[in-house]
Amino acid sequence: KAEQIPASASEAAASAVLDALNATDSNGTEALNATAKFVATPEGTALAYGSLVFMALLPIFFGALRSVTCSKSKVTVSGPRRLADMPETITSRDAARFPIIASCTLFGLYLFFKVFSQEYINLLLSVYFFVLGVLALSHTMSPLMSRVFPASFPNKQYQLLFTQGSGESKEEIVNYEFDTKNLVCLLISSVVGVWYLLKKHWIANNLFGLAFALNGVELLHLNNVSTGCILLGGLFIYDVFWVFGTNVMVTVAKSFEAPIKLVFPQDLLEKGLEASNFAMLGLGDIVIPGIFIALLLRFDVSLNKNSRTYFYSSFLAYIFGLGLTIFVMHTFKHAQPALLYLVPACVGFPVIIALFKGELTEMFR
């Protein structure tokens, strides 16, 4: 039962917060300040979109690398392990029902924002994502802190154990091991969390968003390429329908105040850090292709050929797909379902390479 807890959490939370905002907004004014008429300069637009692309690549690249380490530790490590370090495997059944869960959650959020006060809903969500963001950012910073602290640093070990029952029927509910370095990470993350909670500053939002995305790519593992194709194919249809077929996703994206999207101001050059007209990219457009790219990196490692052909090809395909999304979005001045362009690119490029190399069967096996 303890292992099933993160499974239900990922289905509900990931569908709610990683995919609910898959629409990339073509104009920061429409997304966060619909009443102001702002015309971005070419320089400001280029800086905003370029920064979004760069920020999107960071969690995919480093999350994929960390997913390899995470996958190896899953096999080699025994005994108590921190729950946050345990990868969750997405099966074909999970992948098939994910778009349905995401659609129900998205429409439920849409109805909530229509019926109830947007202010109170976002207040509740802010507190919820404050807790999640602090934990995600702390987990992201942990490996870096291990390198920063000197070897002489007094690093004490702690364990938080929560059990149910007594005697032979005692069952572990939580068994969390941490050390002094983890507490320092938690303290720094809490400072960022308070900053976000009080100011809702776009930099604090992006720090939490990057942490969510990196953790998603690292800890959500597809069990094979076929499952990845099912997941990406289903969300491809989901994304296109909810962006082009209705106004539901764009409405939720405008109303939802939570660090589940990356934003960058198009008026940064004019207003500095107090800029307020943003371009945005939903975390779902990073995490969903990212977990597929991470799978291809683990496939490269399994081939033992000292090459990363499939990883780099899918990574370049992601850059191409995201660039195409931004180009179409900027040309037509309309929100775009990014997975419409990312899914064919991220799946098509590696499959074509595998076909030419004669490794297609091995890839899908």
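None of the figures in this text is laboratory data; all of them are computed from the coordinates on show. Quick caveat: nothing in here was measured; it's all calculated off a predicted structure. Heads up, the Cβs are rebuilt from the backbone with ideal geometry, glycines too, and the neighbour counts pull from every protein chain shown.
Observations on the structure shown:
- Adding -39500 (n - 2.57) for every DSSP H run of four residues or longer, then dividing by how many residues the chain holds, sets the calculated 222 nm ellipticity at -21500 deg cm²/dmol.
- Kyte-Doolittle mean at least -0.5 and Cα axial length at least 20 Å: DSSP H helices in the chain: 42-76, 92-115, 118-148, 180-199, 202-219, 225-240, 284-303, 309-332, 339-357
- Projecting the Cα atoms of Phe278, Trp242, Asn224 onto the charge dipole of segment 198-313 (Cβ charges, centred on the Cα centre) puts Asn224 farthest toward the positive pole.
- Dipole magnitude for segment 282-361: computed about the Cα centre from +1 point charges on Lys and Arg Cβ and -1 point charges on Asp and Glu Cβ, it is near 100 debye.
- Charged-residue dipole, Cβ positions (Lys, Arg, Asp, Glu), the chain about Cα centre, Debye nearest 20: 420 debye
- Between Ala96 and Leu57, the simple label model (points 7 Å from Cα in the Cβ direction) yields a spacing of 3.8 nm.
- Peptides 222-232, 253-263 ordered by average Cβ neighbours within 10 Å, highest first: 253-263, 222-232
- In units of the rule-of-thumb radius 2.2 N^0.38 Å, the chain shows an alpha carbon radius of gyration of 1.00.
- Averaged over residues, the count of other Cβ atoms within 10 Å places the peptides 154-166, 174-186 in the sequence 174-186, 154-166, highest first.
- Diffusion coefficient, µm² s⁻¹, Stokes-Einstein with Kirkwood Rh over alpha-carbon pairs of segment 90-137 at 20 °C and 1.002 mPa s: 168 µm²/s
- Net charge contributed by nearby residues that have their C-beta within less than 12 Å of Ala64 (K/R +1, D/E -1): +1
- Residue pairs, from the table Lys72/Lys170; Lys200/Lys333; Lys156/Lys181; Lys200/Lys271, whose Cα atoms sit over 20 Å apart: Lys72/Lys170; Lys200/Lys333
- Protection proxy ranking, peptides 326-339, 201-214, average beta carbon neighbours within 10 Å, highest first: 201-214, 326-339
- Computed P(r) (all Cα pairs; segment 230-290; 10 Å bins; percent): 19, 42, 29, 10, 1
- Values of log10 I(q)/I(0), in the order q = 0.21 Å⁻¹, for segment 145-279 under a Debye, Cα-only, solvent-free model: -1.25
- Difference of contour (0.36 nm per residue) and Cα-Cα distance, Leu197 to Phe107: 29.8 nm
- Springs join every pair of Cα atoms under 10 Å in this Gaussian network model of the chain, and among Ser146, Ser314, Ser190 the largest mean-square fluctuation is at Ser146.
- Positive-end ranking of Val174, Asn122, Phe61 along the dipole of the chain, with charges on Cβ about the Cα centre, is headed by Phe61.
- For segment 221-365, diffusion coefficient by Stokes-Einstein and Kirkwood Rh (Cα), 4 °C, 1.567 mPa s, µm²/s: 78 µm²/s
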